[in-house]
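Report on the following structure.
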Amino acid sequence: MATGADVRDILELGGPEGDAASGTISKKDIINPDKKKSKKSSETLTFKRPEGMHREVYALLYSDKKDAPPLLPSDTGQGYRTVKAKLGSKKVRPWKWMPFTNPARKDGAMFFHWRRAAEEGKDYPFARFNKTVQVPVYSEQEYQLYLHDDAWTKAETDHLFDLSRRFDLRFVVIHDRYDHQQFKKRSVEDLKERYYHICAKLANVRAVPGTDLKIPVFDAGHERRRKEQLERLYNRTPEQVAEEEYLLQELRKIEARKKEREKRSQDLQKLITAADTTAEQRRTERKAPKKKLPQKKEAEKPAVPETAGIKFPDFKSAGVTLRSQRMKLPSSVGQKKIKALEQMLLELGVELSPTPTEELVHMFNELRSDLVLLYELKQACANCEYELQMLRHRHEALARAGVLGGPTTPASGPAPAPAEPAASEPGLGSDLSKDAIIDVVGAPLTPNSRKRRESASSSSSVKKAKKP
């Protein structure tokens, strides 16, 4: 007689230890047998990730009851069950050992290969890849009428076209196989020029009137110049390469300085326009009646650039504000301008923070905006005067060195002695001329950059003088 333990073993039920010991089967064991199995398996499979181990490394661990992971990479998508021979019920197509000839060969050689019996007698399938160049053929009459050239004989022209057909217009190979002993020595450009000239002439002669022609054109002179230039470029010495790199760097510096000068001139023009506009506005305000002054201010607003003067913030839509906040300088004004502004206000005897009445706030802000505009104009004027003085000194130095043919123009005003060495020193004239010309084209705008350029040129001159 079967006991409860036997029934539990047959049904693969695992209950609590008390039930297993007593050998009784509960109602839950019979109704939900899979629930306990899944719960037990989930409890055995999951375990806690060790501390200090990364999540990616932990995911690579072997943690199931399946086969162990392979030591070598393998394709798990296909197994032995899916890899089967797909055998059909159709009859197998017969294959036959048959001969064939290649149309690309002119010697009539016979070869053999396996091929389906149904394809017997068909052309060789790879014969379609035998592409040949269509070289034109001319007659004796056409040559005498249109193709005759005093520099080329008919035998030499026939030899050229024969080689063109043999080597498919590979002119380097044609030049290598050309008979230079029997005929005149020709270059690759000469062979190309003669061949394409004949092709173009024959195309014009044989063309049907009213059709568009595609005439091949070959410029032999351009090809010769291109190869000559390439040969010169390849045969450059390391000194020439270094000099070219130096000149390219100087060219980039000159272009950068040119852009900087253009930007400074634009900024200067903006400042001048702003000053003129402000002056015209003040004259208009003085001439206009006091009653119409606010209306004119609203109607005629001068187009002053944003970079000129100070642009104070507008507190019209900011709610309740103190009038003294309108006197605060915006953050766009730098510390250098603020200090210069305070210094100018102290020199004029104006308080730095006056009583903020409506009229005083408006006039004080206008005064500070005009003072900042005046400060920027003075800076631009000083930069222009310094640049003009530097160009005068370099002009004098170049005139002394003999680079410029005209007479020396004396610099107006006190001018320091030029730091460039005289060109009469042996071995330094050409280097001085080159550096001086570059300096004139891209003149620096600050004294520090001038000192660095002079020190660099003097050190390079000393190094070149020391070379034997």
Note to self: Kirkwood Rh of the stretch 323-400, Cα pairs, one decimal, Å, is 15.0 Å
Inter-label distance for D267 and R226, nm, one decimal - labels placed 7 Å from Cα along Cα-to-Cβ:
4.8 nm
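Is the shape of the stretch 206-267 rounded, prolate or oblate, going by the alpha carbon gyration tensor and its root eigenvalues a ≥ b ≥ c, with a/c under 1.5 for rounded and a/b larger than b/c for prolate? Don't jump to the answer; show the numbers that get you there.
Details: a/c = 9.07, a/b = 1.74, b/c = 5.21.
Oblate, because a/c is 1.5 or more while a/b does not exceed b/c.
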Whole-percent carbon and sulfur contribution to the accessible surface of the stretch 111-248 (1.4 Å, no ligands, DNA or RNA) stands at 52 percent
Roughly how large, in nm² to one decimal, is the mean projection of the convex hull of the alpha-carbon atoms in the stretch 140-235?
8.0 nm²
Can you give the direction-averaged projected area of the convex hull of the alpha-carbon atoms in the stretch 83-169, in nm²?
10.7 nm²
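Rounded to a whole number, what % of the accessible area of the stretch 323-400 do carbon and sulfur atoms account for, probe 1.4 Å? Walk me through the intermediate numbers first.
Details: 2700 of 4770 Å².
C and S fraction of accessible area: 57 percent.
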Here the residues of the stretch 161-201 lying in the modelled label zone of K214, meaning backbone nitrogen under 16 Å from a point 7 Å along Cα-to-Cβ, are 199-200
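To the nearest 0.05, how large is the calculated FRET efficiency for T101 and Y143 if R₀ is 45 Å and r is the Cβ-Cβ distance?
Values: r = 36 Å, r/R0 = 0.79.
The calculated FRET efficiency here is 0.80.
The values are calculated or read from the model by the stated rules, or taken from the named source; none is laboratory data. These numbers come from a predicted model, not from an experiment. We place every Cβ from the backbone using ideal geometry, glycine too, and count neighbours over all the protein chains shown. SASA here: full protein model, heavy atoms, side chains in, ligands and nucleic acids out. Shrake-Rupley method; radii C 1.70, N 1.55, O 1.52, S 1.80 Å.
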